[in-house]
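Written out below as C-alpha cells is the structure these notes cover.
The values are calculated or read from the model by the stated rules, or taken from the named source; none is laboratory data. Predicted model only: the values in this text are computed from it and were never measured. Because the Cβ atoms are built from the backbone with ideal geometry, glycine has one as well, and the counts that use them run over all protein chains shown.
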Amino acid sequence: MFRRKLIYSLIPITLVGCALNDVPSGTIPAPVTVQAPPALTFQGDCTRTKTLELWLEVTTQLVDQFQSTMNEAITKGRTAIYADVQQLIALRDAAYTAPAPDCTADTHLILTDTMNNAVIAFQNYYNQTQPDINATLVMSNSQFDSIRDSQKVLTQQMTLQFQNQLTTPTPST
C-alpha cells in the first residue's frame with residue numbers, strides 16, 4: 001500500500017519535470033520580416049566607360065559578399081542565421097539601388113532576381129515555413145556563376161573602351 005501511494009505521488013512530479021524540460025530555453029527568436037526591395041535603378045549608357053566601371057565594381061563586390069554570406073549561413077543552425085538574413089537583405093537592397101547602365105540591364109535583372117529569391121527563401125527557412133534551402137542554394141550559386149560570366153564579358157568590353165580612349169587622338173585646340 002505504501003508503495004502504491006509512493007508511485008502515485010511520484011507520477012505528477014515526473015510529469016511536471018518532463019513538462020518543464022520541454023520548455024524552450026532562452027527567448028524565441030523574432031521572425032524575419034522582409035520588405036519589398038527598392039525600385040531598380042537603370043541609369044546611363046555603356047558608352048560612358050566610367051559608368052560601366054562603377055557598376056562592375058559595385059556588383060562584383062555585392063555578388064561576392066552575398067554568395068559568401070549565403071553559403072556561410074547555411075552551415076549554421078536555422079535559428080543562428082538571423083544576422084545573416086539581415087545582411088542578405090541589405091546586400092540585395094544595395095544591388096537594387098546600384099545604377100545599372102543600359103548594356104548591363106539583362107545581367108542586373110538576373111542579379112537582383114537571384115538575390116531577391118534567395119532572401120525570400122532564407123526568410124522562409126528562418127521562419128520555419130520552408131523546410132529545406134538546399135535547392136535555393138544550388139540555383140543561386142549557379143545563377144551567380146552565370147552573372148560572373150556576364151561580368152567578365154562586360155569587363156572585357158570596358159577594357160576595350162579604355163584602350164580605345166587611350167589610342168583615339170583628341171582634337172587639338
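If you check THR14 against the conditions, is it outside any helix (DSSP H, G or I) and at pLDDT below 85? Answer is no for this residue. For segment 95-148, the set of residues classified as closer than 17 Å to CYS46 by Cβ and over 16 Å from the mean Cα position of the chain (by Cα) consists of PRO99, ALA100, PRO101, ASP102, CYS103, THR104, ALA105, ASP106, THR107, listed by residue number. Selection of segment 36-55 for residues being of a type in the set (S, T, N, Q) and not in a helix (DSSP H, G or I) yields THR41, GLN43, THR47.
Here the condition is being among the hydrophobic types (A, V, I, L, M, F, W, C) and either modelled with pLDDT of 90 or more or in contact with a strand residue (DSSP E or B) (Cβ under 7 Å, 6 or more places away or on another chain) (or both); of ALA30, ALA83, ALA19, it holds for ALA83 alone.
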